[in-house]
Every structure is written in structure tokens, then in C-alpha cells.
Amino acid sequence: MRIDIPENKKKIHETIISIRWGDMDSYRHINNTVYFRYMEQARIEWITSLGFSCTAEKEAMIMVNGFCNFYKQVSFPASLRVNTFVGQIGNSTVDLINTMDLIETSTGQEPVLCAAGGATMLWVDLEKNKSMPWPESILKVLR
């Protein structure tokens, strides 16, 4: 089953990730689970670029759902351009979407979409273990 990537989204961040030898599995392509780490890394870089901490205090953004569609196999050595987009913004949730493009620096070819996925993120009061509305400071950035 393939999950559709929403058309209505706003690009908020871009990062380049170099594939490591250990990211591959015995079939010599990036293991499917590693793509979720790439999306996580892109989210962390975006959050810290805004000046927010990624360490949990009283409130935090946590992932409640995640998915990834795979389009093209990728092997070491290579680099991926991971684009992060904001999708639907709810009262306490936001959908973050990632596209991952294979960058062929040695051949000069255009980047090729190899995977796309996303996560629904929830703003949570960690002491009460309950969702809560997004702080206005974060909503300004998301919008």
C-alpha cells in the first residue's frame, strides 16, 4: 500500500545526508528502516535551526504516526537531499512530509526521487501525558 503525499504542503527545510556503508543491508541497498532515521535527522535539524531544543522538558513534539514510500534503491556511496514540508496543521498535531532525492554528483544528473514519507507530530504536556495546543511561537513558524 502506498500512502499519497499531499499536494498542499510548504517547504520548510532541506538537508544533505551522506549514505554510510553501514546503512546498507545484505542486498547492498539502504535498509528500509534507515529512511526513517533520515527523516528523523531532517526533523531534528529543522527544529534546532529554529532555536528550539530537542531535549524533552515539560512539553515536547512527539511522533505518533510515520510512513515511507520507496521508489528507487540506493546504495553506498551516495548522498540524499532530504526536503521537509509542513502539511496539515491541527490543534495539537502537524503533518511533516519528507522527500528524499538521490544526488548523483559524479554524473551531474538531475536528482531522482527515491523515497517519500512523513510523520504526524503531536504537541504533548509530558507531565500530564496529554496532548495540548501548539504554542503560538511554534504555530507562527509552521504557518
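The values are calculated or read from the model by the stated rules, or taken from the named source; none is laboratory data. As the structure is a computational prediction, the values presented were derived from the model and not from experiment. Note that each Cβ is placed from the backbone with ideal geometry, even for glycine, and that neighbours are counted across all protein chains shown.
When you scan segment 53-143 for strands (runs of 3 or more DSSP E) that lie fully inside it, which ones turn up with 1 or more residues that are of a type in the set (Gly, Ala, Ser) and under 20 Å from GLN41 (Cα atoms)?
The strands (runs of 3 or more DSSP E) meeting that bar are 59-70, 79-89, 112-125.
Take the residues in segment 6-35 that are assigned to a loop (DSSP other than H, G, I, E, B) and either farther than 22 Å from GLU104 by Cβ or within 12 Å of the chain's Cα centre (by Cα) (or both), then tell me which one is modelled with the lowest pLDDT.
By that ranking, first place goes to PRO6.
If you go through segment 36-52 one residue at a time, how many are in a helix (DSSP H, G or I), in contact (Cβ under 8 Å) with a residue 24 or more places away in the chain and either touching a Phe, Trp or Tyr at 6+ places or on another chain (Cβ under 7 Å) or hydrophobic (A, V, I, L, M, F, W, C) (or both)?
Final tally of qualifying residues: 4.
Got a number for residues in segment 53-78 being modelled with pLDDT under 85, surrounded by fewer than 14 Cβ atoms within 10 Å (Cβ to Cβ) and not acidic (Asp, Glu)?
Adding up the residues that qualify gives 5.
What number goes with the only condition from (1) surrounded by 14 or more Cβ atoms within 10 Å (Cβ to Cβ); (2) free of Cβ contacts under 8 Å to residues at least 12 places away in the same chain that ILE17 does not pass?
Just one mismatch for ILE17, condition (2).
Looking at (1) over 20 Å from THR120 (Cβ atoms); (2) in contact with a Lys or Arg (Cβ under 9 Å, 6 or more places away or on another chain), which one does ARG20 not meet, given that it meets all the others?
Failed condition: (2).
So for segment 129-143 (the condition being acidic (Asp, Glu) and without any contact (Cβ under 8 Å) to a residue 24 or more places away in the chain), does at least one residue qualify?
yes
Could you go through segment 105-113 and let me know if any residue there is surrounded by 15 or more Cβ atoms within 10 Å (Cβ to Cβ), among the β-branched types (Val, Ile, Thr) and under 17 Å from THR15 (Cα atoms).
Scanning segment 105-113 turns up no residue that is surrounded by 15 or more Cβ atoms within 10 Å (Cβ to Cβ), among the β-branched types (Val, Ile, Thr) and under 17 Å from THR15 (Cα atoms).
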